[in-house]
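All remarks here apply to the structure that follows.
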Amino acid sequence: MGLIAELTHRCPLSCAYCSNPLELERASAELDTATWLDVLDQAAALGVLHVHFTGGEPMARKDLTQLVRRAAELQLYTNLITSGVLLDDRAMDALMAAGIDHIQLSLQDIEPEAGDRSGGLKGGHAKKLAAAERIRAAGLPLTLNFVIHRGNADRTAQMLDLGEALGATRIEIAHTQYYGWGLLNRAALLPTFAQLESATAAVEAARARFGARIAVDYVVPDYFAARPKACMGGWGRRFINVSPSGKALPCHAAETLPGFAFPSVREVSLADIWTGAEAFQRFRGVEGAPEACRSCERVEIDWGGCRCQAFALAGDATRIDPACALSPDHALMRQAIEAADFDAPLTPRLIRR
Ligand code: FES
């Protein structure tokens with residue numbers, strides 16, 4: 001269904017909750033333009049419907065417009081996931097001329113001081129607000145994304161107000177997903193249960209107020225859940241994620257799993273990867289779910305949860321996702337919540353320009 005084109009790990013921001021891998025890929029390792037164009041051609045031939053240009057900051061790639069244009073020519077739905085800090089008038093015009101369909105803009109907070117501190121970029125918040133204006137002025141629907149953590153969860157209601165004031169048609173309130181840098185900084189980022197309840201209430205109130213005018217998506221933290229999420233809609237079922245250097249992955253964190261050889265799009269076609277690569281087959285479908293999950297009535301809903309989280313927390317990707325209350329490892333979630341500490345040191349994501 002979808003190609004997640006991780007064009008680069010370079011980013012002007014340094015958010016401590018970033019889910020990029022700790023081993024960020026350098027610019028010199030990135031796929032060149034011709035290879036990305038070929039990947040887009042192959043994706044369309046394979047039946048992919050939409051392309052999500054992401055990163056890092058995908059606008060750090062000078063050939064972004066060229067890639068968007070090719071995807072649009074192939075009639076792929078194009079979505080740009082961006083921090084917006086590089087989205088000036090010229091870039092906006094170029095993206096529109098190339099045929100961009102949708103832009104998802106991230107905001108760190110509701111006002112400049114907290115937003116700039118969280119993103120690690122002075123002036124970043126103001127640039128984002130200007131980017132929101134440009135997206136609307138260009139006639140595209142505005143989707144805003146706020147990542148929630150302990151440091152900003154208390155302002156969830158104001159984030160929704162800001163989204164309304166900026167003219168968003170969709171607002172995503174997404175609690176931090178604890179992968180990569182987010183997992184490294186988990187102790188300082190996990191909200192309290194009271195914060196979670198209050199953020200959830202703010203979302204429900206906004207949904208009631210907005211009605212059909214503004215859609216509000218809400219992503220809750222696994223750590224407070226009783227059942228796991230269907231990570232990526234199931235391993236190797238809906239998405240191919242291509243890393244900046246060209247590795248084809250079933251999800252953005254798959255490279256953290258030991259014992260896998262992920263094929264490169266430099267060497268293997270997307271079609272062969274999708275249908276034949278062992279790495280894509282390993283956890284696919286009911287047969288690929290943890291054994292104990294296969295007879296569960298929810299197996300075709302959550303597919304046994306997240307393999308990367310099972311490995312990161314329980315040390316074994318074949319175990320039940322600890323987010324599931326039926327998992328023997330579920331106590332790890334509670335222990336993490338109990339160990340949360342707002343004063344724990346934060347390691348900002350490394351910046352690779
Ligand atoms: Fe890899 Fe969930 S992030 S399966």
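Each residue in the stretch 253-273 was checked for being away from the ligand (no atom under 12 Å from the Cβ) and acidic (D, E), and 2 pass. If you filter the stretch 288-298 down to residues that are assigned to a helix (DSSP H, G or I) and away from the ligand (no atom under 16 Å from the Cβ), you find that the one that is farthest from R227 (Cα to Cα) is E291. For G276, the conditions (1) within 15 Å of the ligand (Cβ to nearest atom); (2) of a type outside the set (A, V, I, L, M); (3) without any contact (Cβ under 8 Å) to a residue 24 or more places away in the chain are fulfilled apart from (1). Here is the figure for the stretch 279-301: residues that are farther than 20 Å from F262 by Cβ, in contact with a helix residue (DSSP H, G or I) (Cβ under 8 Å, 6 or more places away or on another chain) and not small (G, A, S) total 6. Here V268 fits the description: of a type outside the set (D, E, K, R) and in a loop (DSSP other than H, G, I, E, B). Taken over the stretch 301-322, residues that are near the ligand (Cβ under 10 Å from one of its atoms) and of a type outside the set (D, E) amount to 11. Looking across the stretch 163-176, the residues that are buried (at least 18 other Cβ atoms within 10 Å of the Cβ), within 20 Å of K127 (Cα to Cα) and in contact with a Lys or Arg (Cβ under 9 Å, 6 or more places away or on another chain) come down to G163, L166, A168.
For the stretch 231-252, the set of residues classified as within 15 Å of the ligand (Cβ to nearest atom), buried (at least 16 other Cβ atoms within 10 Å of the Cβ), in a loop (DSSP other than H, G, I, E, B) and modelled with pLDDT of 95 or more consists of G234, W235, G236, R237, S243, P250, C251, listed by residue number.
The values are calculated or read from the model by the stated rules, or taken from the named source; none is laboratory data. Everything numeric here is computed off the predicted structure, so don't read it as measured data. Every residue, glycine among them, receives a Cβ derived from its backbone with ideal geometry; neighbour counts consider all protein chains shown.
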